[in-house]
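Student: Once you've had a glance at the structure underneath, I'll fire off some questions.
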Amino acid sequence: MTWIAITIVAHFFNAIVSITDKHLVSNTVLKPVAYTFYSGVFQVLFLFLIPFIGFTLPNGKLFLIGVGTGALFILTLLIFYRALKISEASRVVPVIGATVPIFTVVLSYIILGEFLTVVQLFAFAFFVVGGFLLSLKNSHGIFSLFPGFKLAVSAGFLFALYYTLIKLLYLDVEFFDGFILLQLGGFLGSIFLLISKSNREKIFSTPETIKKRTAYLFIPNKILAAVAAIMIFYAISIEGSKVSIINSLQAFQYVFVLFFAIILSRKIPSLFHEQLNKRLLRRKIVAIVVIGVGLFLLAIGS
């Protein structure tokens, strides 16, 4: 299916984005709220595409769904970046990837009326087990949840809600119309962050040296993130696609993240600090295999 291939490529791009986000958030003094603001405020630039792609203003309900969903993405990013700030990308991203499909099943049933088969329910059991294995942290022989676990799960829920609402939006609007509404919402959500004095201080107190040093990665990374988002939006908008399956394909993203983490931790250990001893690596591989089985069951059961 075309929408599945599009989604997998999009998650490959998202893996690169996640690794770069982890570097920018963790290895600079750039605060998560500042990174979220700059990630969202530039979405206004997409509005300049309107003369070229056209735009039809939908009715009030659809307008609110589109703009509200775009603003929700900013809140989701803020929580996601805070999780990345305190934990490894190869822990945070897999937990989000494992929880998003589970939350999506519930939300898509409530909001869209989508149902799961028995095989699909078994598939999600594998996602839960795999996500749990990936979220454990071994400290002196004692396993515990990593520091950003709750934030990662919260981000997973919000991502699930975000993509479910996108599917709801695309049931009644054309692709580019929905895309413009989502970008407008993202921009307004970023502006909303400025209401807090504390946020304003964190956003505008970023030293110029940091801005210049991160710009060479930030701008290309946000362009790549936009490309990935457009691809996923398009996959969701295709008639017959299921948002629960699209979100479950995020398993590919954290496989890619682990792959990149292994390479970058060895090549640039001063910048990327992933914990990749043999024991931990074996457990992550087992977890990915478990999630892969869940993905397989989900695919054949859909």
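Student: Taking the options 258, 298, name whichever one is assigned to a helix (DSSP H, G or I), at pLDDT below 70 and buried (at least 21 other Cβ atoms within 10 Å of the Cβ). Break it down into steps so the answer makes sense when it comes.
Tutor: On the way: 258 fails: at pLDDT below 70.
The unique qualifying residue is 298.
Student: So, in segment 67-114, exactly how many residues are buried (at least 17 other Cβ atoms within 10 Å of the Cβ), in contact with a Pro (Cβ under 7 Å, 6 or more places away or on another chain) and assigned to a helix (DSSP H, G or I)?
Tutor: Of the residues in segment 67-114, 4 are buried (at least 17 other Cβ atoms within 10 Å of the Cβ), in contact with a Pro (Cβ under 7 Å, 6 or more places away or on another chain) and assigned to a helix (DSSP H, G or I).
The values are calculated or read from the model by the stated rules, or taken from the named source; none is laboratory data. This is a predicted model, so every value here is computed, not measured. Note that each Cβ is placed from the backbone with ideal geometry, even for glycine, and that neighbours are counted across all protein chains shown.
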